[in-house]
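Notes to accompany the following structure.
Taken together, the values in this text are just the output of simple stated rules run on the coordinates, not laboratory data. What you see is a predicted model; the values in this text were computed from it and never measured. Virtual Cβ from ideal backbone geometry, glycine too; neighbours counted across all protein chains shown.
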C-alpha cells in the first residue's frame, strides 16, 4: 500500500457497485419463480429446474453475443441466419450421413469462425456503408439463411459425431454439458466486458460515442470487432442447437434473435446502449425461460411463448424509456 | 518566465456560409499566465477555441506553439502540442469510471494488449487527480459524480497532455463556471491559480467580474476580431464591457423610426406565475404591436420559457391568457391554433424541412390557406406563396425550389412567412431569429419585425446580442437563474445601456 | 387580420447552392433502370419469358408483395419501420379462413379493418410509449405470430367455399390478374390521396425532420399512427389475396414476404432515414424483387440464392439511398 491510498477519500460503494435499478430483474426473477412454484408443484420439482437451466443454454450463448451489440446502442437481427449457416457448416464437417468428413473440434471451430465472418460483414456494412445496424443485420441474416439453404441442398445432414452428440446428452453435476458451455461463455463474456478494451469501449460507445472520437479513439474497428465477437457467439449457438437436434437445420436459429433481444432488454440492457451487461443478460435469460416454462406448466399453450416475449420486450423497453421521456424528443 | 509565448495566434480567419466567424484574430498566451477571453455571443469565441484544439480548420492565419508554427488537425494533434480544452458541455463518457475517462485515448500502461490493468489504471488516474489535489474516487462511475466533480475529472484528463508533449501545457477552460455554485467557483479558481504554477490557462467566461478576478490579462473579441487587451490589475468591468459592445454606430440598424407606438388597453399575451423545469414564477405581458425581449445568460431559462409559450416544453404551474382568454398549451398544435407562431433558434434542424419546397414549407402549418376543403388547391397555393415571396422579397428561383438550397436569410424569411400566410397570427415567438445571418439579412429581418409589430402582432424576442435586444425591444425582461430579475422599459430615444442589463443578468 | 408587409429590396445575394448530386439523380431512377434491365436480361436468357403467360404469372405473384410494400412504405416515409407486416398478413389469412364460413363476403372487409386496427395499436404504442418503431413491430411480429398459431391450432385452415374471395382470382380483360389490378389501384389510391391533401407535406416533414414538423404544428403523432394503420390494412388486403390464391390460411403463410417487402421498399429508393420516397417507387421495387424471384430459375441459379440476394439487395440499396448528411452517428 502506497501513500496515495491514504489520500483517497472514503469510498462510497454505491458509486461503483450495483444500483437500485440493477436490482429489478433479479428481484423479478425471484418473485416470478416464487409465484409459479406456488402455483404448480411440477414447476418446483428439481427435474424442472434442471430443465429450465438446460433449455436456457443456447439462448444464454446467443444473448451473450447480442448484449455486446446492444451495449453499443446498435441492434443485431442476424442471429437466426448466422446460427442456421453455422449449424449446417458444423453438421457437414463433423461425422455425418452426407459426406465422409470427420473433423470433430476443428469443424466446430470453423462453424464459429463462419459466425465471426458474418458478424464482421454486419460490422463492415454498418461502419463502411453506414447502413443502420438493424437493416445491415436483417440483410446479413437473409444471407446466412441463404448460405444455409445452399448447404442443406434438400437433404438433412444427421450428425453421428460422438462428442457433439454427447454435449446435449451427457451431464455433469446434474446439468448438461451444453449448460456448462453456456456458463463458460457467460464467464468469458463477463471477462471481456470487464477486463478488455474491446468490452469497455463497446460500453463507452453506447454511453457517448462522440466523446471517444474527441479523445482520439478510433471507434470503427471496435464496432466491427464487437459485431464479429457477437457473430462468434451466434456461431457457437448454432453448433449447440445442432448438438441438441442431432442434425443440421436451416431453421436452427429460428426465433433466437428475438428471444435474445428480449432476454437482454428484460435483464436491464438499454436499447440506446451504455447500460447493462453480460450478467444482466444472464438474469434476463433465466427470467424469459422461467416465464415461458412456468406458463406452460400452469397450462398455457406453448404457442403463446412468442407472444409473451413480444409483450415483455415492449413493456421492458417502455419501462426503461419512461423516466427519460421529454417532449419534442424524436423517436424513430 | 520565458520570453517565447506558450501559444500565439496571428490573423486567424474562418468563414462559414454567410458569416465571417473569425476575421483576423490575434492572441498571445504567455507562459504561466491566465489569459481571459471575453466577448458577446457570436463574437467568435467558440470558433477560436475550436480552432485552437483542432476541431475547426481556419481558412487563413497562423497558430504558433512556443514559437513554432503548427497545423492542428484534431484534438489529439492539439494534445500532442500541449494544448487541451475543458469543454463547456462536458466531454466525459458518463458510464465509464473516472479513471477510464482520465486515461481515455492514451491508456499507456493501464491497458496492455487490449487487457485492462485496473490497478495500473487507478494509479495513473490517481496521479492525475493528485496533481489538482482532488479526492475523487478514481473508480467511481462518472455519472454518479456531481457537476463540479466531473469538471475536476475533466481537468485531470486534460492534464494528461503533459505526458504527451513534454512541455508546460496550455489549458483552455470554456465557460467553466456557468453551471457551478459560488462555493464551487471558488474551488475552481483556486484550481486555476494552481494550474498557473506549471501551465498556461485560457479562461473563457461571460461573467466579467470572474474574468477580472482570476485572469492576469484579458483579450476582448468583437465580431470575429480581437479589439483590445487589458491587464486586469486595476481594470473595471465597465471598461471591458464597452470594448465588447463597441459603439452602436449612428446608422439606424434597427429601424427605430419604424417602431410603432404601443397603445395597450389589454395585453395580447398575459402570463402569470408560469413555472417549469428550468424556470419559475414567470410574469410576462406583451401588448399587441409590442416587442418584448427576454435577455439572460446561458442557463437563465429564457429559451425554455419561449418554448413553453409554444406548448413545446411542459409547465408545472401558471396561466397563460391571450387577449384576456385563458388558454391551455398541451402541445404545439394548440399554440398554432391560438395564433401563436414560433421561429426556433436551430433553423436547419427545427425551423424548416430542408428537403421540401419553399411552397410546402411556407404552408406547412396553415394548411387551410392552400386548401379547398380537404384538398390542396394548386392554384390557390401558387398565388398565395408567390404573393408572399414578393412581399418578403424572398430570393428563390421559384416556389418549388427545395428550401435547403436557399441562403440563410431567405430560409428564415420562409420560416417567418409560414406564420403569416394564415393571416391569423397574434403572437410571434422569435428565438434568435438572426442567428447565423449576415448584416444585410439581419436588417431585413429587423424591418420585417417592425412591420409585423406595426400591424398589431405581439412579439417576444430572444435576441442574439444585448445590442439587438436593446435596439429592437420596447421593453426588456431580464431573466436570471430561471426567474425574472427585473423589467426595463426600452422606448425609442430612452434606451437603457447594456451595462444596466448585465448587472441584473449575473 | 391582414399583415401588410413590404420589404425593402434585399442586399443579400440569392445564393442557390448546387442541384442534386449525380448519385442522387441516379438513385432517383434506380428502380426503373433495374426493372428494364431485368426484363431485358431475362428475355435474353429465356426468349419465352416475354410472353403473356409468364408475365401474367409474375404479375399474380407480385400482387400481395406490392400491397404489403406500399403500406409499409408510408411508415418508412415517416422515418420508422414496420417489421410486423408479414406476421400480420399471416394472422389475417388465418382469420379470413376462419371467418369466411360465417361471415361470407363480409369477411374480407372485416379482416382488413381488424388488420388496420392492429396496425393502429402498434402505431399508438410507438407514439405514446416512445418506443422505437422497429422494437414495437418486432414485438408485434412475435405477438401476432403467437396469436396466429393459437387461433389456427398451428395448422393450415382450409377454405372450403372460396366464392367470396374468388373474384380476386379473375382476370381483367382476360390478361391482367385481378389481384394485380387491385394492387396497382391501391398504390394509385394512396399516391393520389397523399398528393391532393396536406398529408404529403405532413408525412415528408415528419420523416425528414420530426422536430421541425412538430414545431410547425404538424400532427406528427396522428400522422405516424395513420401510417401504421394503413400499413396494417395493406397487410390485411395482402392476406385476402394470398387466401384467394391458396384456398387456405396458415399461421406462417406470409412470413417469408417480410424480407422481399423490405427489399422492395429500399430498392425502390425510399430512404430508410425517412422523408424521401413514394409508394410508386415501392411498386417498381416490388416488381424488381418479383422478377428476380421468378428470374433466378430461368437463368439457372438455384432458388436458395434468393435469400442471399435479398440480404445483399437490402444492404446495398440502403447504403445507396441513405441520406448521410442527416445522420452523424449511425447505430
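When chain C is treated as a GNM, springs tying every alpha-carbon pair under 10 Å, which of C:97, C:45, C:120 comes out with the largest mean-square fluctuation?
Evaluated over chain C, the most mobile residue of the options is C:45.
Please state the equivalent ellipsoid semi-axes for chain A: what are the square roots of 5 times the Cα gyration tensor eigenvalues, largest first, in whole Å?
Working: eigenvalues 207, 137, 82 Å².
For chain A, the semi-axes come out at 32, 26, 20 Å.
In peptide B:403-414, what is the residue-averaged number of other protein chain Cβ atoms found within 10 Å of each Cβ?
3
Can you put A:258, B:147, A:233 in order of Cβ neighbours within 10 angstrom, beginning with the fewest? The partial results should precede the final answer.
On the way: A:258 22, B:147 11, A:233 30.
Lowest to highest Cβ neighbour count: B:147, A:258, A:233.
Counting other C-beta atoms within 10 Å, which of B:472, A:163, A:135, A:151 has the fewest, and how do the rest follow? Please report the intermediate quantities before stating the final value.
On the way: B:472 28, A:163 14, A:135 25, A:151 19.
Ranked by crowding around the Cβ, least crowded first: A:163, A:151, A:135, B:472.
Tell me, what is the FRET efficiency for residue B:166 and residue B:346 to the nearest 0.05, using R0 = 51 angstrom and their Cβ-Cβ distance as r?
On the way: r = 42 Å, r/R0 = 0.82.
E(calc), rounded to 0.05, equals 0.75.
Need the full-extension length gain, residue B:77 to residue B:57, defined as separation in residues times 0.36 nm minus the C-alpha distance. One decimal, nm.
Working: separation 20, 0.36 × 20 = 7.20 nm, distance 1.23 nm.
So the chain would gain 6.0 nm between residue B:77 and residue B:57.
Between segment C:233-257 and segment C:145-202, what is the separation of their alpha carbon centroids in Å?
9 Å
Only Cα pairs within less than 10 Å get springs; with that Gaussian network setup on chain A, which residue of A:154, A:268, A:248 has the largest fluctuation?
Among A:154, A:268, A:248, the largest mean-square fluctuation in the Gaussian network model of chain A belongs to A:154.
Return the distance in nm (one decimal) between the two label points of a simple spin-label model at residue C:161 and residue B:143, each offset 7 Å from Cα along Cα→Cβ.
6.1 nm
Evaluate the distance, in nm, between pseudo-label points positioned 7 Å from the Cα of residue B:109 and of residue B:325 along their respective Cα→Cβ axes.
Placing both labels 7 Å along Cα→Cβ, they lie 7.5 nm apart.
Suppose each label sits 7 Å from its Cα in the direction of the beta carbon; what would the residue C:110-residue B:439 distance come out to in nanometres?
7.6 nm
What is the angle, in °, between the Cα long axis of helix C:107-128 and the longest principal axis of the Cα atoms in chain C? Nearest 10 is fine, range 0 to 90.
40 degrees
Within 10 Å of each Cβ of C:237-244, how many other protein chain Cβ atoms are there on average? Write out the running numbers ahead of the final one.
Numbers: counts 0, 0, 0, 0, 0, 0, 0, 0.
Rounded to a whole number, the mean comes out at 0.
Using alpha carbons only, how many degrees (0 to 90, rounded to 10) separate the axis of helix B:182-196 from the longest principal axis of chain B?
Approximately 50 degrees, to the nearest 10.
Most fluctuating residue of C:287, C:170, C:95 in a GNM of chain C with Cα springs under 10 Å: which is it?
Among C:287, C:170, C:95, the largest mean-square fluctuation in the Gaussian network model of chain C belongs to C:170.
Using Cβ contacts closer than 10 Å as the measure, can you line up C:209, C:179, B:465, B:387 from fewest to most? Before the final figure, lay out each step's value.
Details: C:209 26, C:179 29, B:465 19, B:387 11.
With the fewest neighbours first, C:209, C:179, B:465, B:387 line up as B:387, B:465, C:209, C:179.
Taking beta carbons within 10 Å but only from partner chains, what does the mean come to for residues A:196-207?
Details: counts 5, 9, 2, 2, 10, 5, 0, 4, 7, 3, 3, 7.
That works out to 5 on average.
How high is the FRET efficiency between residue A:254 and residue C:193 when r is their beta carbon distance and R₀ equals 45 Å, given to the nearest 0.05? Could the numbers behind the result be given before it?
Values: r = 38 Å, r/R0 = 0.85.
Using R0 = 45 Å, I get an efficiency of 0.70.
Could you check what % of the DSSP bridge pairs in the protein assembly as shown are antiparallel, to the nearest 5?
Values: 56 of 89 bridges.
Around 65 percent of the beta bridges assigned by DSSP in the protein assembly as shown are antiparallel ones.
For helix B:408-420, what angle does its Cα long axis make with the longest principal axis of chain B, in degrees from 0 to 90 and rounded to 10?
40 degrees
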